[in-house]
1. For residues that are over 18 Å from residue 255 (Cβ atoms) and either within 13 Å of the chain's Cα centre (by Cα) or of a type in the set (Asp, Glu) (or both), tally how many sit in region 70-105.
2. Among residues belonging to region 40-64 that are of a type in the set (Val, Ile, Thr) and at pLDDT 95 or above, point out the one that is surrounded by the most Cβ atoms within 10 Å (Cβ to Cβ).
3. Test each condition in (1) over 16 Å from residue 219 (Cα atoms); (2) touching a residue at least 40 places away in the same chain (Cβ under 8 Å); (3) surrounded by 15 or more Cβ atoms within 10 Å (Cβ to Cβ) for residue 182 and report the one that comes out false.
4. Which condition does residue 105 not pass, out of (1) buried (at least 21 other Cβ atoms within 10 Å of the Cβ); (2) assigned to a loop (DSSP other than H, G, I, E, B), if it passes all the others?
5. Tell me whether region 158-176 contains one or more residues that are under 18 Å from the mean Cα position of the chain (by Cα), farther than 28 Å from residue 251 by Cβ and either among the acidic types (Asp, Glu) or modelled with pLDDT of 95 or more (or both).
6. Considering every residue within region 124-136, establish whether at least one is hydrophobic (A, V, I, L, M, F, W, C) and surrounded by fewer than 20 Cβ atoms within 10 Å (Cβ to Cβ).
7. Could you say which residue among 132, 151 is of a type outside the set (A, V, I, L, M, F, W, C), under 26 Å from residue 239 (Cβ atoms) and part of a helix (DSSP H, G or I)?
8. Take region 194-219 and flag every residue that is closer than 16 Å to residue 125 by Cα and assigned to a helix (DSSP H, G or I).
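The values are calculated or read from the model by the stated rules, or taken from the named source; none is laboratory data. This one's a predicted model, so the numbers in the text were calculated from it and none came from an experiment. Please note: Cβ atoms are built from the backbone with ideal geometry, for glycine as well, and neighbour counts cover all protein chains shown.
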Amino acid sequence: MSPKTYYVSLAFLSLIASHGLGQSATDVLATRENFSVAKRPAFVMMPPNVKRGTPTPWVWYAPTLGKGLPGNAEKWMFEQFHRNGIAIAGIDVGESYGSPNGRKLYDELYSELTENRGFSKKPVLLARSRGGLMLYSWAAEHPNRVGGVAGIYPVCNLESYPGLKRAAAAFELSSDELKIQLAKHNPIDRLESLAKANVPILHIHGDNDKVVPLKSNSGELETRYKAFGGPVEIQVVKGQGHNMWRGWFESQKLTDFIIKHARKTGKADSNQ
């Protein structure tokens, strides 16, 4: 059975993208604090009005590579997070493609933020492009630490991108060895735990994406996640590919999804 998808016109998403473009008094990107976790570069962007004594809701962004990501493209979305008291954080794990070494570094960041900085125990994951490999691979091992997953044309399938030959070194395997062990590492093969934990998923993905094809990534994830009974929606944008179109980063639907689930899990932490 083919997955149910939701097609949205470019004109409609352009209208969404034009909503709420006013900048906040403080540049959200200027709030970035850079620090190190396990000798790797990490960052947080704290909202201006943090409630003392309560866990800080947060969004876990990937990929974080140097100081270039996240950047200006995400500014509109991040400003809305800050207005709702939500922090943004991430760690640079290099081109790890969701490998065990990268997942260990994600464990380190999670511990630092939740144990030492008062962050909520259930962040919402925001996976952009190959950040999907990183975040989904960590989430599959920690489903009860995930408040939701939001994706902007996220990679969900190692065979699709970057391909096993290119990815193998990050896993310290040959491409043939990675092929044999693929089910242990590939996000689309590791969804059952997230579905059992009822983790909500929302992706936006173009039907003309040649780099991260819709069918073998978000489409395949939707089919498998629904088979496990998990809540998922894939919003397909006609005519768009793997690009910097502003509608990806100024989607009110995706932003509202993230805010809703980040605040929900932050509130749940406060009541414990």
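1. 4
2. 59
3. That leaves (2) as the condition not met.
4. (2)
5. no
6. Scanning region 124-136, I find no residue that is hydrophobic (A, V, I, L, M, F, W, C) and surrounded by fewer than 20 Cβ atoms within 10 Å (Cβ to Cβ), so the answer is no.
7. On inspection, the qualifying residue turns out to be 132.
8. The answer is 194, 195, 218.
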